[in-house]
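One structure is given below, encoded as structure tokens.
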Amino acid sequence: MSNSAIDYTLEHPAVAGTPSAASIDEVITAPIDSKPSRGWWIGLAITGSMLGIGVLSVSWLFYKGTGVWGVNQPVGWGFDIVNFVFWVGIGHAGTLISAILFLLRQKWRTGIARFAEAMTIFAVMCALIFPLIHTGRPWLAAVYLLPYPNQHGIWVNFTSPLLWDVFAVSTYFTVSFVFWYIGLIPDFAMLRDRTKSKIKKIAYSIFSLGWRHSNRHWQHYEKAYLILAGFSTPLVLSVHTIVSFDFAVSVIPGWHTTIFPPYFVAGAVFSGFAMVQNVLVVTRKFFGLEHIITLNHLENMNKVMLLTGSIVGYAYAMEFFIAWYSGNPLEQFVFLNRALGPYAWAYWTMVSCNVIFPQLFWIKKVRTNIIGMFIIGVIVNIGMWFERFVIVVTSLSRDFLPSSWGHYMPTAIDFGVFIGSIGLFFTLVLLFVRVLPVVSMSEIKAVLPGAQPDHH
Amino acid sequence: MNTPLLYSVTALFDTPDGIIHAAEAVRKAGYKRYDIHTPYPVHGMDDAMGLKDSKLGFITLGAGLMGGAGVFAFISWVFMAAYPNVIGGKPFFSWPAFVPVTFEITVLSAVLVTIGSLIAFFFKFPNNSHPLHDTPYMKAVSCDTFGISIQADDPKFDEAAVTALLTSLHPRTVAPVCYDEAELNHTWKTFDPKFLALLAGVALLVSAATYGTMNVVLYMPPFDWMMNQNKFKPQQTTEQYPDSRMMRPVVAGTVARGFTPYPYKGMADSAGKSLVNPLQPTAKVLALGKEKYLTFCSPCHGNFAKGDSRLRGQFPNPPTLHSDKVRTWPDGSVYHVITEGQNIMPSYASQISREERWAVVHYVRALQRAFNAKESDQQ
């Protein structure tokens, strides 16, 4: 195709070249059936150590109580909530890819959907750590989180955003997990019919539930998949909306704004895509999946990041505008304090990482350069972490009364828990690539050239 | 060992077009109990097989509506009946704040019921003992081949005819699939001793673990750290103050909020003369008086003030309040007795507020009137 006439209506093929269905099985099951390479072991050693640091930090936290964290009046929400929001946000890309792009009939999602869904589940697991441990005594958590009939005759407060959070995130986790598992059933059946090992065969048989690829089943299966996608779409939007209510429903200056729900959702998709892109860049190289997870997929993800990153940048600007326009001196102070106060370094890190660098994706060369996009992805995740830090800490450390202002500094234990959550995430990712097919075999086969009957 | 029974005759095709044509041909030939097996859903296959639309959506709709309406009703009940609390000055039924949880539960119940019924009723899974499992046919359709299987329980089934029909469709292979009755339809015995032993073992383990957690682990550090806290409790002794009492006496001259001094201390006569019951004996006041009387007076004076104490001689029997003496007393005297006590009857001033004391007086009067009714009352 010449440069002058690009046909924008032409859809990119979902996979590169014309691989056969059997070769797809070969490539995708290779990491499962082969012995792990040395690189994998090194990776696991690193992530395992990080996880170990997290386990030690959490044990110390349980032993001593939350006093080992840096939180104190007036900043009662520190790393715990920052990391919680960060990880929940990472998860959003998975559902977006598997559900929203499915409803939009985007064929390119097939190559990356399984991986992204898995990352959703792992990210939500990482996120769930923080609300669980932030009480310091999590074994008492069920008592005040879940509504259950008790001898005191009291009930949880169903109108509290924190309780909405419990429902939203646990529903999100459950539904994502079901969605993921339903997608895995046909692949488990394929693995069952391929494997030569007896133990694996028993395991795959159990997980496949006895799937027979019957068209009488496919018919209901496809319907169920559509229903799940239809539910996941509003669900994923609701989750980060409700997370943002934790802030927006309160009356703290800088939190009490109506822009929060859309701004949080855009930010979540932004950071989630950055994380998916980073992990996929490594995985496709490592397992030779370049023809299934194509450059075109990565480029599409970068475009989504460009869009959501610009929305986030717009939201930053709009927050400032509204603070000025509202005529509320407290709001105005909070935003000036963000940009010029003691946490200005965090604020400007956030702005440059989230607003400035992703704009490089306008340039096609950057968008299609593996190294370039990888670096920008990392930068975006750093920036999005700082965004939550800025929102939580600047607003709390200097609110209404100057006499009760304070300064928040995380402790080593705070960092330990955060590092541990990163370790958990990547450990799970590493295990996932070895035990489960990282690309949905049944879905990718369905979009291969010649996989569907010609219209006769 | 039983002889293998015929389950179906199968044929494998290499292309999606081939299988679509085969499905159409088999349907036209009038077979009902046949199935297509493909590694992924093939477009147009539902029409080729003449399948009706999946009814799964109705289950989703029903489950979602029920879950949503149920949880909304539940939250409303909690806020309006079970545990009414004013939160942020909002009305009890502040429904906009119920929406998030209602939405989440709607999604959750719709999804779980849909998937549950998909697996259990639509697929009849888990089922790992189907005749087709572990056949070369299944292995082929699992990978990249498209198969059709016409079952032997079809009313029109005739092995030779079916084989001929399938062969005429140019498949890659045609093959019968057989199964072993005993192998497929074995059942688990509920009262197998091994199984019972397993159940008993699990029960024992769970009980032991629960007992250990609730009675041992929770009383070990750090779980017990919340029980022993660095603070003083009211009746404890302390080194900190010279009088060793943890509970501090009130500062001299302190007056409680709403306190009014009682001017007739030790002056029963003037109390009787000067005090007037400020309350009207309305139904509400009498109800309050009854409640307080039954709580504080009835143990000694009896439910009807007849002096029939329930204390069975543990305390000197108090007099009846139906005596001429008490009946002719002015209200103020009864009030004085409640406030100050009389001889061995203690004061009730700290338990019963002033208003309530006057209500009790009205109630005592009502009791007296009831047991010593005048002629005029009985008409």
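The values are calculated or read from the model by the stated rules, or taken from the named source; none is laboratory data. The structure displayed is predicted, hence computed values, not measured ones. Note: ideal-geometry Cβ built from the backbone for every residue, glycine included; neighbour counts use all protein chains shown. Surface accessibility is based on the protein's heavy atoms, side chains included, excluding ligands, DNA and RNA. Shrake-Rupley method; radii C 1.70, N 1.55, O 1.52, S 1.80 Å.
Per-structure values
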item: Viscosity 0.692 mPa s, temperature 37 °C, Stokes-Einstein D of chain B from Kirkwood C-alpha radius, µm²/s; result: 103
item: Buried on assembly, region B:143-173 (at least 30 Å² less accessible surface than by itself, 1.4 Å probe); result: B:Cys143, B:Asp144
item: Stretch gain in nm, segment B:Ala120-B:Asn372, where the contour uses 0.36 nm per residue and the Cα spacing is subtracted; result: 83.1 nm
item: Acute angle (nearest 10 degrees) that the helix B:56-77 long axis makes with the longest principal axis of chain B, alpha-carbon atoms; result: 10
item: Length released on extending from B:Trp225 to B:Asp14, taking residue separation times 0.36 nm less the Cα-Cα span; result: 69.0 nm
item: Net +/- balance of residues flanking A:Thr159 in space, Cβ distance below 15 Å, scoring K and R +1, D and E -1; result: -2
item: At R0 = 60 Å, FRET efficiency that the Cβ-Cβ distance of B:Glu355 and B:Val217 yields, to 0.05; result: 0.70
item: Solvent-accessible area lost in complex, 50 Å² minimum, residues of region A:214-246 relative to chain alone, 1.4 Å; result: A:Asn215, A:Arg216, A:His217, A:Trp218, A:Gln219, A:His220, A:Lys223, A:Ile227, A:Phe231
item: Per residue, in Å², the accessible surface of chain A once ligands and nucleic acids are set aside, probe 1.4 Å; result: 41
item: Average accessible area per residue (Å²) across region B:5-185 - probe 1.4 Å, nucleic acids and ligands excluded; result: 47
item: Net charge over other residues, Cβ less than 14 angstrom from the Cβ of B:Val285 (K, R count +1; D, E count -1); result: +2
item: Those residues of region A:140-178 for which accessible area with every protein chain present is at least 50 Å² below the isolated value (1.4 Å probe); result: A:Trp155, A:Phe158, A:Thr159, A:Trp164, A:Phe167, A:Thr171
item: Interface burial for B against A (accessible surface, 1.4 Å probe, total of both chains, Å², rounded to 100); result: 6000
item: The protein assembly as shown - percent of accessible surface contributed by carbon and sulfur, probe 1.4 Å; result: 66
item: Under 14 Å from the A:Phe400 label point (7 Å along Cα→beta-carbon), backbone N, region B:83-125; result: none
item: Using a Förster distance of 60 Å, the FRET efficiency for A:Trp362-B:Val251 (Cβ separation, nearest 0.05); result: 0.20
item: Cα radius of gyration and Dmax for region B:268-378 (Å); result: 13.4, 40
item: Helix-only CD estimate at 222 nm, as mean residue ellipticity for chain B, using -39500 (n - 2.57) per DSSP H run (n ≥ 4); result: -13000 deg cm²/dmol
item: Spatial separation of Cα centroids for region A:36-115 and region B:53-71, in angstrom; result: 33
item: Value of relative contact order over region A:29-446, rounded to a whole percent, pairs C-alpha under 8 Å and six or more apart; result: 32
item: Whole-number percent relative contact order across region A:240-286, with pairs defined as alpha carbons under 8 Å at least 6 apart; result: 33
item: Extension gain, A:Ile311 back to A:Lys35 (0.36 nm per residue minus Cα-Cα distance, nm); result: 94.9 nm
item: Paramagnetic label zone (point 7 Å from Cα along Cα-to-C-beta, B:Ala182; backbone N under 14 Å) in region B:1-38; result: B:1-5
item: Centre separation in Å (Cα based) which lies between region A:170-223 and region B:18-37; result: 26
item: Most positive-pole-ward Cα, A:Thr159, A:His220, A:Ala189, against dipole of region A:151-239 from beta carbon charges; result: A:Ala189
item: Per residue solvent-accessible surface (Å²) - region B:268-378, probe of 1.4 Å; result: 60
item: Distance in nm between pseudo-label sites at A:Thr18 and B:Thr260 (7 Å out along the Cβ direction from Cα); result: 10.3
item: Mean residue ellipticity (222 nm) of chain A, computed from DSSP H runs ≥ 4 via -39,500 (n - 2.57), nearest 500; result: -22500 deg cm²/dmol
item: Dipole in debye (nearest 20) - region B:5-185, about Cα centre, beta carbon charges: Lys, Arg +1; Asp, Glu -1; result: 740
item: Between 0 and 90°, nearest 10: helix B:331-340 axis offset from chain B longest Cα axis; result: 70
item: FRET efficiency, A:Ser250 to A:Ser170 (Cβ-Cβ, R0 25 Å, nearest 0.05); result: 0.70
item: Chain B, relative contact order [Cα under 8 Å, separation at least 6], %; result: 19
item: Projected label distance in nm at B:His130 and A:Tyr148, using a 7 Å step from Cα toward the beta-carbon; result: 3.9
